[in-house]
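Below is one structure; the comments refer to it alone.
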Amino acid sequence: QVQLVESGGGLVQAGGSLRLSCAASGSIFSINALGWYRQAPGKQRELVARISHSSSTNYADSVKGRFTISRDNAKNTVYLQMNSLKPEDTAVYYCNAEVAPNGYWGQGTQVTVSS
């Protein structure tokens, strides 16, 4: 079992920044990668950014150059630094731990970007 607790969402104006945090606990050794997903109203959940155990990263095209994912293994925490936010970034952001076979999800944190 892995537990994920997200924090850092909120309301920000377009062009602003937010940093999301996700603290993992439980069977940390079983996590292959950590990622951030988002789901806007009426849309499917989509991958935003992912960081592997070896710290290789990949990003959705829509956030490249604006968002940065990082991890602190000592704190079992993954971060998502979001800069130059746009109204279309508004969504509930979910932390995900890739653990065979199905993975684990956090409870989600709302990010709202006003124009």
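The values are calculated or read from the model by the stated rules, or taken from the named source; none is laboratory data. None of the values given here were measured: they were computed from a predicted structure. Cβ sites come from the backbone with ideal geometry, for glycine too, and all protein chains shown count toward neighbours. Just the protein is used for accessible areas: all its heavy atoms, side chains included, with ligands, DNA and RNA removed. Shrake-Rupley method; radii C 1.70, N 1.55, O 1.52, S 1.80 Å.
Taken over the stretch 81-96, the criterion of being closer than 13 Å to Leu18 by Cα, open to solvent by less than 10 Å² (accessible area, probe 1.4 Å) and either in contact (Cβ under 8 Å) with a residue 60 or more places away in the chain or in contact with a Ser or Thr (Cβ under 7 Å, 6 or more places away or on another chain) (or both) is satisfied by Met82, Leu85, Tyr93. Among the residues making up the stretch 12-59, a single one is assigned to a helix (DSSP H, G or I) and of a type in the set (S, T, N, Q): Ser30. Has the stretch 93-111 got any residue that is at positive phi and in contact with a Cys (Cβ under 9 Å, 6 or more places away or on another chain)? Within the stretch 93-111, one or more residues are at positive phi and in contact with a Cys (Cβ under 9 Å, 6 or more places away or on another chain).
Rundown of residues vs (1) of a type in the set (Lys, Arg); (2) over 18 Å from Gly8 (Cα atoms), yes/no style:
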position	(1), (2)
Ile51	no, yes
Ser56	no, yes
Ala60	no, yes
Arg66	yes, no
Ile69	no, no
Asn76	no, no
Met82	no, no
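Looking across the stretch 81-115, the residues that are among the acidic types (Asp, Glu) and farther than 16 Å from Ser25 by Cα come down to Glu88, Asp89. For the stretch 12-54, a tally of residues being surrounded by fewer than 13 Cβ atoms within 10 Å (Cβ to Cβ) and in contact with a His (Cβ under 8 Å, 6 or more places away or on another chain) returns 1. Condition check for Ser62 on (1) modelled with pLDDT of 95 or more; (2) part of a loop (DSSP other than H, G, I, E, B); (3) touching a strand residue (DSSP E or B) at 6+ places or on another chain (Cβ under 8 Å): one failure, at (3).
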